Amino acid sequence: MEFIDYYNILEIQKTSTEADIKAAYRKLARKYHPDLNPNDENAKKKFQQINEANEVLSDPEKRKKYDKYGKDWKHADEFEKANQQQSQSRTSGGGQQSYGSSGGDFSGDFSEFFESMYGSGARTKQTKFRGQDLNAELHLNLMDVYKTQQQTLTVNGKNIRLTIPAGVENGQVIKIAGHGTPGANGGPNGDLYITFTIASHPKFKREGSNLYATVDLDLYTALLGGDLQVDTLDGKVKLKVAPETQSNTKVKLKGKGFPVYKKEGEFGDLYITYNVKLPTNLTEKEKELFTELSKLRANGN
Amino acid sequence: METRELILIEHFCTNHEIEFSFIDSLHAFGLIEVIIHEDNKYLQQEQLKDVEKMMRMHYDLDINMEGIDVISHLLKRVNSLQDELRITQNKLKLYEKED
């Protein structure tokens with residue numbers, strides 16, 4: 001088992017008094033408490049370590065064992081028994097040595113214990129504790145959140161039927177009350193927080209409920225005007241391109257964007273940017289005609 | 001009034017083994033809303049999480065009412081800034097080059 005330096009964690013010396021330990025714990029607990037550091041995994045881990053260190057060092061018996069046996073302090077009782085038996089067999093002239101179990105008041109992993117009981121170090125009576133909140137991440141495509149839909153998630157072995165509202169944003173967090181871990185001593189359940197990660201779309205970039213897309217426009221339609229079919233998220237639309245449309249011209253298609261979160265039937269806009277494409281692999285005839293055109297311009301027409 | 005969504009403060013304090021005066025203090029500082037109905041005082045269900053958080057601050061971390069007030073305000077700002085950061089990061093994605 002890797003050695004955890006509890007004195008280091010509490011930033012105190014090995015000679016610190018009980019009062020020093022208490023003061024150090026209080027100071028660090030206020031700094032790293034999860035309530036005061038929302039969405040901070042590092043603070044949460046640090047808080048668990050601080051609680052574990054305090055539980056051991058603030059108890060004189062446990063501290064004594066920890067100081068004597070270091071990383072093996074949890075097996076202190078075994079060692080003590082073994083030492084006693086050894087010294088007994090020496091005085092009685094030999095005999096079988098046997099090692100019993102420790103008696104088990106340190107069963108289980110301390111860190112797991114504190115994971116479910118953070119913040120309760122000062123209150124050890126039968127208080128009701130609210131269960132811990134759970135966090136989950138749901139990865140979706142853009143089209144998955146274009147319409148409100150239901151999905152079944154499995155969290156901690158339990159199936160949860162979840163309604164994903166249309167328009168939910170990347171990074172948005174939704175709370176499902178009461179679906180966290182069960183409370184202790186009859187306390188209420190914690191909550192489940194689901195963070196949505198929405199993948200980028202190859203054609204459309206999203207900003208809130210507006211969408212942005214770039215569409216290629218051939219030279220002739222750009223110069224002479226015409227019709228152009230463009231894709232939207234709910235099908236194709238035909239656009240009228242005005243003559244002499246420049247590259248990077250933007251057009252707004254009202255209501256063709258993304259659904260507005262929690263506003264049924266309301267949509268943002270789609271902004272199309274034209275990218276005028278020049279023809280390539282010109283034939284000799286085309287080159288001739290373009291050369292003539294260029295001369296027309298050069299002559300000031 | 002829908003009493004289903006209201007929690008009787010007396011029961012809440014008994015279950016959590018805290019003094020009624022603590023809830024009174026939170027109310028006096030404007031940190032929570034107390035509903036009075038037929039001479040009974042209630043908390044709203046959606047406030048429970050915040051009240052429990054303030055209980056932990058006070059009883060576990062020894063933070064006084066003034067401190068809870070300041071921390072609650074700062075936590076609201078932190079949450080708001082985290083939301084703003086998320087929105088800004090999403091906007092920046094618009095300018096990321098496609099591979």
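The values are calculated or read from the model by the stated rules, or taken from the named source; none is laboratory data. Please read these numbers as outputs of a predicted model, since none were measured by experiment. Counting neighbours? That spans all protein chains shown, and the Cβs are built from the backbone with ideal geometry, glycine included.
The table below gives the values:
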read-out	value
Candidates A:Ile21, A:Ile50, A:Ile12, filtered to the one that is under 29 Å from the mean Cα position of the chain (by Cα), among the hydrophobic types (A, V, I, L, M, F, W, C) and buried (at least 17 other Cβ atoms within 10 Å of the Cβ)	A:Ile50
In the range A:5-23, the residues that are more than 14 Å from every other protein chain (Cβ to nearest Cβ), among the aliphatic types (A, V, I, L, M) and assigned to a helix (DSSP H, G or I)	A:Ile9, A:Ala19, A:Ile21
Verdict on B:His37 being more than 29 Å from A:Ile174 (Cβ to Cβ), of a type outside the set (Gly, Ala, Ser) and within 11 Å of another protein chain (Cβ to nearest Cβ)	no
Hits in the range A:236-269 (condition: surrounded by 12 or more Cβ atoms within 10 Å (Cβ to Cβ) and touching a Ser or Thr at 6+ places or on another chain (Cβ under 6 Å))	A:Val241, A:Lys256, A:Gly257, A:Phe258, A:Val260, A:Gly268
Any hit, the range B:73-83, residues being surrounded by 12 or more Cβ atoms within 10 Å (Cβ to Cβ), closer than 30 Å to A:Ile272 by Cβ and either touching a Leu at 6+ places or on another chain (Cβ under 6 Å) or polar (S, T, N, Q) (or both)	no
Long-range neighbours under 7 Å by Cβ, at least six apart or interchain, first residue more than 10 Å from chain B (Cβ to nearest Cβ) within the range A:25-40, second hydrophobic (A, V, I, L, M, F, W, C) and in a loop (DSSP other than H, G, I, E, B)	A:Tyr25/A:Leu10; A:Leu28/A:Leu10
The range A:128-145, subset surrounded by 16 or more Cβ atoms within 10 Å (Cβ to Cβ) and assigned to a loop (DSSP other than H, G, I, E, B), residue modelled with the lowest pLDDT	A:Arg130
Residue ID - modelled with the lowest pLDDT, chosen from residues in the range A:24-58 that are on the phi < 0 side of the Ramachandran plot, part of a loop (DSSP other than H, G, I, E, B) and among the polar types (S, T, N, Q)	A:Asn37
Strands (runs of 3 or more DSSP E) (entirely within the range A:153-219) containing at least 2 residues that are more than 10 Å from chain B (Cβ to nearest Cβ) and closer than 30 Å to A:Gly235 by Cα	A:158-164, A:192-198, A:210-218
Filter result for the condition that a residue is in contact (Cβ under 8 Å) with a residue 24 or more places away in the chain, within 23 Å of A:Ala29 (Cβ to Cβ) and away from every other protein chain (no Cβ under 14 Å), over B:Leu6, B:Leu26	B:Leu26
Total residues in the range B:44-71, condition within 16 Å of A:Pro34 (Cβ to Cβ) and touching an Asp or Glu at 6+ places or on another chain (Cβ under 7 Å)	3
Number of positions in the range B:47-82 that are over 30 Å from A:Ala23 (Cα atoms) and more than 9 Å from chain A (Cβ to nearest Cβ)	3
Leading residue by the ranking (modelled with the lowest pLDDT) among those in the range B:84-96 that are surrounded by 11 or more Cβ atoms within 10 Å (Cβ to Cβ) and not hydrophobic (A, V, I, L, M, F, W, C)	B:Lys93
